[in-house]
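Quick notes on the structure that follows.
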Amino acid sequence: MGFIRNWRRRRVLKNARLDDALWSKVTSTLSFLRGLTDKESWRLRELVLLFLSEKEMHGAGTFVLADEVRLSIAVQACLPILNLGLDVYDSWVGVIVYPGEFRVRKEEMDADGVVHTTDEGLAGEAWPGGPVVLSWEDVGLSERGYNVVIHEFAHKIHMDGGGDQDFPAERPGMNPERWRETLEASYQSFCADVDADRPTFIDPYAAEHPAEFFAVMSEAFFTESAVLARDWPDLYRQLALFYRQDPAGRG
Ligand SMILES: [Zn+2]
């Protein structure tokens, strides 16, 4: 399996072409890519080529995906796995893109056995072992500290890897207690800030659930790294070990 896959990937990289002008256009709008070294940019490009070849990206309904849309999503999806490799995304193939917020109907039974139906508008959603769903309008709203693509792919990295429903497992070579304790303590401290109405630089949505905390902090790790490293140094260090990147250290 590994041999065939490697052979196939080498062939894709040899034959696939990326439009240089489009690459420059798309990456120039993503300010958090600016510190990448030439070597890292090249690796990102290769991952993006493989991502576009192995994953299936579809527009929902009649929404036709322009090359720019595909490339932008692929670039942002591949940044978190720059030093982990595409195999992290092995267990699924689909990315579904809606032009704007999409509505999801959910039914949940409460403790009394009453079923509540909710209908909410979402910017993104990630299914365990299944597709990532994104709203292109919300992808375009990304700013420092807010990035729906990185958010949903952080969920994928979490839910399709080891770990429990709160947090992903540490990577080989990491101290498991240090990883877990840092995430738990940071989450508690963040929730205390939100409960006390103290202003949080990070989106208060991170207090919803430990898994959301991980996804939101991953957004900040890649798109507002200097601030995360300053305000949450222990968490930053653990995420740097987890993603095997040091975005705040990039000039
Ligand atoms: Zn989420």
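The values are calculated or read from the model by the stated rules, or taken from the named source; none is laboratory data. For clarity, every value in this text was computed on a predicted model and none was experimentally measured. Please note: Cβ atoms are built from the backbone with ideal geometry, for glycine as well, and neighbour counts cover all protein chains shown.
In this structure, is Val97 within 15 Å of Gln76 (Cα to Cα), at pLDDT 95 or above and not in a helix (DSSP H, G or I)? Yes.
Does Ala211 satisfy the criteria of being within 14 Å of the chain's Cα centre (by Cα) and free of Cβ contacts under 8 Å to residues at least 60 places away in the same chain? Considered against the rule, which asks whether it is within 14 Å of the chain's Cα centre (by Cα) and free of Cβ contacts under 8 Å to residues at least 60 places away in the same chain, Ala211 comes out as yes.
Suppose we filter segment 117-126 for residues that are more than 23 Å from Ala77 (Cβ to Cβ) and modelled with pLDDT of 80 or more; how many remain? Of the residues in that region, 3 qualify.
The one condition from (1) at negative phi; (2) in contact with a helix residue (DSSP H, G or I) (Cβ under 6 Å, 6 or more places away or on another chain); (3) touching a residue at least 12 places away in the same chain (Cβ under 8 Å) that Glu137 does not meet is (2). Checking each residue in segment 92-105 for being more than 14 Å from the ligand (Cβ to nearest atom) and either aromatic (Phe, Trp, Tyr) or under 25 Å from Asp160 (Cα atoms) (or both) picks out Trp92, Val93, Gly94, Val95, Ile96, Val97, Tyr98, Glu101, Phe102, Arg103, Arg105. On inspection, Ala226 does not qualify as within 30 Å of Gly59 (Cβ to Cβ), of a type outside the set (Ser, Thr, Tyr) and part of a helix (DSSP H, G or I).
In segment 155-182, what residues are of a type in the set (A, V, I, L, M) and surrounded by 18 or more Cβ atoms within 10 Å (Cβ to Cβ)? First the steps, then the outcome.
Filtering segment 155-182 for residues of a type in the set (A, V, I, L, M) gives 157, 159, 169, 174.
Ile157, Met159 - these are the residues of segment 155-182 that are of a type in the set (A, V, I, L, M) and surrounded by 18 or more Cβ atoms within 10 Å (Cβ to Cβ).
Which residues, counting only those in segment 155-205, are of a type in the set (Lys, Arg) and within 14 Å of the ligand (Cβ to nearest atom)? Lys156, the sole residue that qualifies. Residues in segment 216-238 include none that are within 16 Å of the ligand (Cβ to nearest atom), at pLDDT below 95 and of a type in the set (D, E, K, R).
What residue, of Glu208, Glu152, is within 15 Å of the ligand (Cβ to nearest atom) and buried (at least 20 other Cβ atoms within 10 Å of the Cβ)? Outline the logic, then answer.
Details: Glu208 fails: buried (at least 20 other Cβ atoms within 10 Å of the Cβ).
It is Glu152.
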